[in-house]
Structure formats: C-alpha cells, structure tokens
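Bear in mind these aren't lab numbers, they're just calculated from the coordinates by the rules spelled out. These numbers come from a predicted model, not from an experiment. Because the Cβ atoms are built from the backbone with ideal geometry, glycine has one as well, and the counts that use them run over all protein chains shown.
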Amino acid sequence: MTSTARILSWIVRLAAAIILLQTLYFKFTAQPESVYIFTTVGMEPWGRIGSGIGELIASILLLVPRTAWLGAVMAVGIMAGAIFFHLTKLGIAVQGDGGLLFYLALLVTACSLITLFLHRKSIPFINR
C-alpha cells in the first residue's frame, strides 16, 4: 500500500470507528432517542444492545490494520440494517434530528467500503 493509500485508510477507518463508538453511549445507557428507534423497529432492547456490541467489535477491528477489512464488512452490514430501517420504518429524520443519524450511517458505509477497497489484498478468502 502506498503512503497516500495508508493515510487515506487511517482517515476513513478512524472516521467510521469514531462515529460507531460515539453512538455506543446512547445505546448502552438506553437514551430516549435510542430506545425510541429500537422500539419503533420492534427490536428494543435486544436490538439496541446487540447492535451496540456489534458496532463496538467492528470499531475495534477497523482500528487494527490486519483486521480492518473484517471490521469494514461488519460495519457495512450493521449500517445496511440502519439504512434499511430509516428508509422503511423510521424515515430519514428521526425525532427532529434533520436526518443526522441517517447521514452518519451513509458516511460509515462509505468509509467502510473505501476501507474494503484499500484492504482488499488482506481478505484471506479472496486472495489465496
């Protein structure tokens, strides 16, 4: 990986991990916004706690260069669920947030897809 690609990799991985880690406070402390979201989609409390654990694991994996691809795959999967529920049950804007949570989910997805591209040679079952 070139130095430019390595720097880009760190930028997108840090961005995704910071966003994912920041949301953990709301999920693990059962903040009203988080409880509302998961109640609306019929997954409270197990979906809130489970997605928080998944996001924590994905964040850690994203920050380790050797496992960044796996964290990116997890983050894309988790964000696909979030985007799906925004588009089907929640709406883009949730409780007057102006769509912030939706746009953050899109940003994490984009950063994770870039990470997957940059770390494609690290994916063991693709590069044998």
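A few points about this structure:
- Taken as a whole, the structure leaves Arg66 outside the set of residues that are within 14 Å of the chain's Cα centre (by Cα) and more than 18 Å from Thr109 (Cα to Cα).
- In the stretch 90-122, the residues that are among the charged types (D, E, K, R) and over 30 Å from Arg66 (Cα atoms): Asp97
- Identity of the residue in the stretch 4-33, hydroxyl-bearing (Ser, Thr, Tyr) and under 15 Å from the mean Cα position of the chain (by Cα), that ends up nearest to Phe84 (Cα to Cα): Thr23
- Lone qualifier among Tyr103, Tyr36 - being closer than 23 Å to Val12 by Cβ and out of contact with any strand residue (DSSP E or B) (no Cβ under 7 Å at 6 or more places or on another chain): Tyr103
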